[in-house]
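Student: What follows is a structure written as C-alpha cells; I'll ask about it next.
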Amino acid sequence: MSDERKPTDVVEIPIELERYELFAAPTYRFNVDRREFFKLFGGGIAIVFTLKSALAQESGGRERQAGESGRRGPNTSGPKEIGGWLHIGEDGAVTVFTGKVEVGQDIRTSLTQAVAEELGAPMASIKLVMGDTDLTPYDMGTFGSRTTPTMAPQLRKAAAAARELLLDLAAEQMQVDRTTLVAGDGRITNQKNKQALSYGQLTHGQKLLKQISDDVPTAPADKWKVAGQSAAKVDGRDFVTGKHKYASDIKRPGMLYGKVVRPSAFNATLVSADTKAAEALAGVTVVRDGNFIGVAAPDAAMAAQAARLIKADWQAAAQPSSRELFEYLKNHKTETQGNEGSSANARGSIADGLAAADKKLQQTYTVAYIAHAPMEPRAAVAEWTDGKLTVWTGTQRPFGVRTELAEAFHIPEARVRVIMPDTGAGYGGKHTGDAALEAARLAKATGKPVKLVWTREEEFTWAYFRPAGVIDITSGVRNDGTVTAWEFHNINSGPAGIQHKYEFANQKIVFHPAQSPLRQGSYRGLAATANHFARETHMDEMAHSLKMDPLEFRLKNLQDERQRAVLEAAAKAFGWGKLKSSADRGIGLSCGFEKGGYVATCAEVAVDRQARKVRLLRVVEAFECGAIVNPDHLKNQIEGAIVQAIGGALFEAIEFEGGKITNARFSRYRVPRFSDVPKIEVVLVDRKDLPSAGAGETPIVGLAPAVGNAIFVATGQRLRSLPLTLSEHEINGRT
Amino acid sequence: MPRITELNVNGSRLKVSADADRSLLSVLRDDLDLTGSKYGCGEGQCGACTVLIGGVPTRSCITQVGTVASKPITTIEGIESNGRLHPLQQAMLDHDALQCGYCTSGMIMSGVALLSKNPGPGEEEVVRFMEGNICRCGTYPRIVAAITQAARQIKGGAK
C-alpha cells in the first residue's frame, strides 16, 4: 500500500491584497479598565496549549508576545496554516481538530472523506471539531479556497500517520509480521487468518502521542476510493430537521439580548447621548464606551425598544454618494509616486504593440459595491467567566476574531475562546468579529451572557462590501485576431484574477488602490469577478470589431492547455457554433482562471426590450480544479456560484448617500430568486494528475461577462457596468 | 398590553408569557427554544422564518403572536413523524439541496405547504410558489428537484 503513496505538496498561497478587512484597524478600541487589565496580566497563569508551540513553529520559531496571532499588515508574515490534529479515543471514536470552518462549502464532508480514506475508517465514525480556538490548532481563516489544497493534505497526513501507528500496535499485539496486516473499516485485519482488531481495541489503554513530519506519504488521487466519490453532507440531517445550532441559536443561562445604537452615518463620531429613558426600563443596561453605544435587556424586543429611546447626537463629515462613486475612485488613488500598484507579468512595449495593431480599442468598465447578504446575519453570544471571554460567533476567522477581542479588551488571547458553530454562510463577508466585539462589550458590562444578532438592515449597512472598481483597458489587435497590446488598469476593486492565460506579446497590468467611500473587503472570488468581467467583455469587443467568432478569437490567443480544455468543453456542451442568435436572444461566453481553478462559461439570454429585462435561459459552465474530491458537492458549489453570480451580473448594487446605505433590505436590494435561475449544466473536468484546488470561488467569475456578451448579441448594446442594465435610450433607439 | 399565555405548536399546548405584539418568530425561538425557524430579514422577504399556521405558510417574523394564539402552528421541529423524516426532508438530503442550511427550514416549510395544497406540482408551479424564499448559496435547482421527488414519493405512498 505504502509504495503507492507519495508526499503531497502543500501549496503556499499568499493572502491577496484586497482583503482589506484583514488589515484594517478593529471597529472598536474600548477604554482600558486598568484594574482588570493588571489583575488579568499580573495574576493570570499562562495556559499553554499545544497551540502555543505550534504557533512558534509555524512562525519560523520567532517568539511572539503572548497572544499575538492575527491581524497583521500585508507585508508582515502572519502565522501560516498548519495541520489539524487527530485523536482516536479508547472507544475508537475518531475526532479531527481543524481551525477551518464550515460555512456551507461542505468542507466538513470533504475533509472527513480525506481522513476516512487514509485512516481506513468509515466516514460515520469520524467527527470534526472545527474553528474552536481552545480546541483546534491555529488557522488564519477559511478563505481563498485554501481548505482543499492546504488543509485536506494535512489531515490526510495525520490520518495516514495514525493508520501506520495502528498497524504498529496491531503487529505488536497480534505478534505477526506487519506486512500481513491491512487497515480498513475501522479495524486492522490479518490477511492470512482474517483475525481483526478494531481501532478501539488497539487504542484502549494507550497514551501515545506522535509528532508527524511533513513527508508522510498519502494516496495519490488515482488511487482514491473514498475521496473522488460523491458523499452526502455528513451532518445534513441536523439541518433538514432544524436541530443544528447556529451562533444565533445559542442560548446561555441568564442570557440577555443586546442591541447597538448605530451611528447616523459612516465614520460618525458620538457627540452626546441621552440614555435616561432607556435606563429607566427595568433590566436594561446601557453601555457607552468611546464611539460605542449599546444596550442589553432581558429580551430582544426590550433591547430594541431601549435602543430606540436613546437620543444620540452624531457628527459626520460629508461623504460621496453612489452616483459619483466612479469619479471619486478615479480621483482618489492612494498609490504614491514610485509605488503605483502591482504590475506583474509586464511584457514587451504597449507602444510597439499598438503600433503593430490594425485596430485599437479603449474602454472603461465599472463594477458596483455589492453585499454578501448571507442568510444568517452576523451574530454572537458572549460570556465572561472569571475574566475569561467565550464567544460563539459565525466567522470565517475564529482565530482572527480572538485577536480582535483580545486587542479590544486588552487581554491576552489565552483568555479568549472563540467557538464557531457551522454558520449560515459567509461568501468572504464574515472575516471580522464586529458582532462578537459588541456582544462581548455588553456582556462585560452586565456580567451576564449577551446575544447580539444583527438585523438584516445592519448586515447590509455595517458589514463590509465587495469593492467597487473602475477598469480601463487599452488594446490593439491585428486583423487575423492576434492581440498585440494589452494595457489594463484596475482602480480599487483589486488584483485577484487580473492575470490571464492569453498569449499577449505586449502587456501592462496594474492594480491601483484607492480610497474607498465604503468599508470594503473580501467577497467570494474577490476582484476576479470584476477583472474577468472587464477582460472578457473587452475580448468580446475585439472579436466583434474583427467580425470573428468570440470562441475562435479566444482560442487564437490561447495556448494554455488547461484554459483551452475548459473553454472547448463548455463550448461543446453548450453547442456553440450550432446555436443561432435571433432577435432579442443572444449567446455569449467567457473564460478565465483563478486560485488554481479554470473556468469557462456560456450563457444564453432573452431580452424583453419593452420591460428592459434580461432573462437567463441557459448556462453551461466547465470547471477544472485538479483532482475532484467530491463530484456532487463540487457541482453544488458551481451551480451555487452561478446562481449567486446572477445577482452581481444583473441587479445587485449597493446605493448610498450621505454616509448611509439607501437600499439596505431585501425588498430594495434584489438577490437571485427561484425564477431567476436558468437551466444550468455543469461540465466537470477531472484531472487526477493534478493537485486538488478549491472550488468555492472561481466558478463565480465567468457568468457576468458571458451574460453581457450575450446581451450584446441580442441587442447590439454593449454594457460595461455591473450590474448590467439595459439603457432605455439605446433600447428604444433600436426598437 | 394583552399577554399570550399558551400556543398550540406542533400538536402540543405550550405555556408562554408574551406580549401579544411580539413576533411569533421571537416567541418560538427565544421563549420556546424552537430555533429551527430562522431570522433572515424581519420583513417577510426571505422566507427563512416560514412556519405553517393552520397549514398555511406564514412568515413568523412579521406575524404578531397575538394573532395566532388559538391556531395550530407547525414548525420545522414538528414535521417528522415517529422519528421518520418528512419525504421533503429526505428529498432535500438526497439532492444535497443545501449548503449553509440557514434557509433550509423555511424552504422545507414552504415546500410542505405546497405539497399539501398540490401533491403534484409542475416545475413552474414550484418556482412560483417558492419565489418568496431566498437561498443565497444558490441551491434553487436542487430544491426544485427535491420538492418534485417528495411529491412523487407522497403520491406513491398514498396509493
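The values are calculated or read from the model by the stated rules, or taken from the named source; none is laboratory data. Since we're looking at a predicted model, the values are computed, not measured. In this analysis, Cβ positions are derived from the backbone assuming ideal geometry, glycine residues included, and neighbour counts consider all displayed protein chains.
Student: Of all residues in the stretch A:388-403, which are within 14 Å of chain B (Cβ to nearest Cβ) and either touching a strand residue (DSSP E or B) at 6+ places or on another chain (Cβ under 9 Å) or among the hydroxyl-bearing types (Ser, Thr, Tyr) (or both)?
Tutor: Listed by number, the residues that qualify are A:Trp392, A:Gly394, A:Thr395.
Student: Then there is this: Cβ-Cβ under 7 Å, sequence separation 6+ or interchain: first residue in the stretch A:232-256 and within 8 Å of chain B (Cβ to nearest Cβ) and closer than 17 Å to B:Ser26 by Cα, partner surrounded by 20 or more Cβ atoms within 10 Å (Cβ to Cβ) and of a type in the set (S, T, N, Q). Which pairs?
Tutor: Correct list of pairs: A:Gly242/B:Ser105; A:Lys245/B:Thr35; A:Tyr246/A:Thr423; A:Asp249/B:Thr35.
Student: With the checklist (1) in contact with a helix residue (DSSP H, G or I) (Cβ under 7 Å, 6 or more places away or on another chain); (2) closer than 30 Å to A:Gly696 by Cβ; (3) facing another protein chain (nearest Cβ under 9 Å); (4) assigned to a loop (DSSP other than H, G, I, E, B) in hand, flag the one item B:Leu34 doesn't pass.
Tutor: (2)
Student: Determine, yes or no, whether B:Gly55 is small (Gly, Ala, Ser), touching a strand residue (DSSP E or B) at 6+ places or on another chain (Cβ under 7 Å), surrounded by fewer than 21 Cβ atoms within 10 Å (Cβ to Cβ) and modelled with pLDDT of 95 or more.
Tutor: So B:Gly55 fails the test.
Student: Just need a number here: residues in the stretch A:404-458 that are in a loop (DSSP other than H, G, I, E, B), away from every other protein chain (no Cβ under 14 Å) and closer than 25 Å to A:Phe143 by Cβ.
Tutor: 3
Student: Among the residues of the stretch B:109-133, which ones are of a type outside the set (A, V, I, L, M, F, W, C), closer than 14 Å to A:Val677 by Cβ and under 13 Å from the mean Cα position of the chain (by Cα)?
Tutor: B:Asn133, the sole residue that qualifies.
Student: Next question, about the same structure. Just to be sure before I move on: is B:Ile134 β-branched (Val, Ile, Thr), farther than 18 Å from B:Thr35 by Cα and assigned to a loop (DSSP other than H, G, I, E, B) in the structure I sent?
Tutor: Considered against the rule, which asks whether it is β-branched (Val, Ile, Thr), farther than 18 Å from B:Thr35 by Cα and assigned to a loop (DSSP other than H, G, I, E, B), B:Ile134 comes out as yes.
Student: On to the next question. Kindly indicate the residue of the stretch B:61-114 that is modelled with pLDDT of 95 or more and in a strand (DSSP E or B) and also farthest from B:Cys49 (Cα to Cα) among those meeting that condition.
Tutor: B:Arg84
Student: For the stretch B:38-52, give me each residue that is surrounded by fewer than 24 Cβ atoms within 10 Å (Cβ to Cβ) and either part of a loop (DSSP other than H, G, I, E, B) or within 11 Å of chain A (Cβ to nearest Cβ) (or both).
Tutor: B:Gly42, B:Glu43, B:Gly44, B:Gln45
Student: Would you say B:Val112 is in contact (Cβ under 8 Å) with a residue 60 or more places away in the chain and either more than 26 Å from B:Gly138 (Cβ to Cβ) or more than 7 Å from chain A (Cβ to nearest Cβ) (or both)?
Tutor: Judged against the criteria, B:Val112 is a match.
Student: Determine which single condition A:Asp689 fails, assuming it passes every other condition in (1) in contact with a Phe, Trp or Tyr (Cβ under 9 Å, 6 or more places away or on another chain); (2) closer than 30 Å to A:Ile107 by Cα; (3) of a type in the set (Asp, Glu).
Tutor: It fails just one condition, (1).
Student: Does the stretch A:128-163 hold any residues that are part of a loop (DSSP other than H, G, I, E, B), under 21 Å from A:Tyr523 (Cα atoms) and not hydroxyl-bearing (Ser, Thr, Tyr), and which are they?
Tutor: Result: A:Gly131, A:Asp139, A:Met140, A:Gly141, A:Phe143, A:Gly144, A:Arg146.
Student: Kindly indicate the residue of the stretch A:91-116 that is charged (D, E, K, R) and in contact with a helix residue (DSSP H, G or I) (Cβ under 7 Å, 6 or more places away or on another chain) and also surrounded by the fewest Cβ atoms within 10 Å (Cβ to Cβ) among those meeting that condition.
Tutor: Selected residue: A:Asp91.
Student: So, one more: Going by what's in this entry, would A:Ala219 be described as aliphatic (A, V, I, L, M) and under 30 Å from A:Ile628 (Cα atoms)?
Tutor: The answer is yes for A:Ala219.
Student: Also, I was wondering about something else. Given (1) part of a strand (DSSP E or B); (2) touching a residue at least 40 places away in the same chain (Cβ under 8 Å), identify the lone condition not met by A:Ile293.
Tutor: (2)
To keep it simple, each residue is scored yes or no on (1) in contact with a Phe, Trp or Tyr (Cβ under 6 Å, 6 or more places away or on another chain); (2) modelled with pLDDT under 95; (3) surrounded by 24 or more Cβ atoms within 10 Å (Cβ to Cβ).
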site	(1), (2), (3)
A:Lys635	no, no, no
A:Gly658	no, no, no
A:Arg670	yes, no, no
A:Arg720	yes, no, no
A:Asn732	no, yes, no
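Student: Suppose the filter is among the polar types (S, T, N, Q) and in contact with a Pro (Cβ under 8 Å, 6 or more places away or on another chain); does A:Thr109 pass it?
Tutor: In short, no.
Student: If you scan the stretch A:219-248, which residues turn out to be of a type in the set (Asp, Glu) and more than 23 Å from the chain's Cα centre (by Cα)?
Tutor: Within the stretch A:219-248, A:Asp222, A:Asp238 qualify.
Yes/no per residue for (1) at pLDDT 95 or above; (2) at negative phi; (3) assigned to a loop (DSSP other than H, G, I, E, B); (4) touching an Asp or Glu at 6+ places or on another chain (Cβ under 9 Å):
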residue	(1), (2), (3), (4)
A:Arg72	no, yes, yes, no
A:Pro79	no, yes, yes, yes
A:Ile82	no, yes, yes, yes
A:His87	no, yes, no, no
A:Gly92	no, no, yes, no
A:Glu102	yes, yes, yes, yes
A:Thr109	yes, yes, no, yes
A:Glu117	yes, yes, no, no
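Student: So which strands (runs of 3 or more DSSP E) are wholly in the stretch A:580-672 and hold at least 3 residues that are aliphatic (A, V, I, L, M)?
Tutor: Passing ranges, in order: A:597-608, A:613-624.
Student: Take the residues in the stretch A:318-368 that are of a type in the set (Val, Ile, Thr) and in contact with a strand residue (DSSP E or B) (Cβ under 8 Å, 6 or more places away or on another chain), then tell me which one is modelled with the lowest pLDDT.
Tutor: A:Thr334
Every residue, every condition in (1) touching a Cys at 6+ places or on another chain (Cβ under 6 Å); (2) at the interface with chain A (Cβ under 7 Å from one of its Cβ atoms); (3) β-branched (Val, Ile, Thr), yes or no:
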position	(1), (2), (3)
B:Thr74	no, no, yes
B:Gln90	no, no, no
B:Ala97	no, no, no
B:Cys103	yes, yes, no
B:Ile108	no, yes, yes
B:Glu125	no, no, no
B:Asn133	no, no, no
B:Arg152	no, no, no
B:Gly157	no, no, no
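Student: When the residues of the stretch A:190-249 are narrowed to those that are outside any helix (DSSP H, G or I) and of a type in the set (Lys, Arg), which ends up farthest from B:Ile79 (Cα to Cα)?
Tutor: Here the residue is A:Lys192.
Student: Here's a follow-up. Give just the number: which of (1) touching a Ser or Thr at 6+ places or on another chain (Cβ under 7 Å); (2) away from chain B (no Cβ under 14 Å); (3) of a type outside the set (A, V, I, L, M, F, W, C) does A:Asn267 not satisfy?
Tutor: (1)
Student: What number of residues in the stretch A:604-631 are out of contact with any strand residue (DSSP E or B) (no Cβ under 9 Å at 6 or more places or on another chain) and buried (at least 19 other Cβ atoms within 10 Å of the Cβ)?
Tutor: Looking only at that region, the number is 3.
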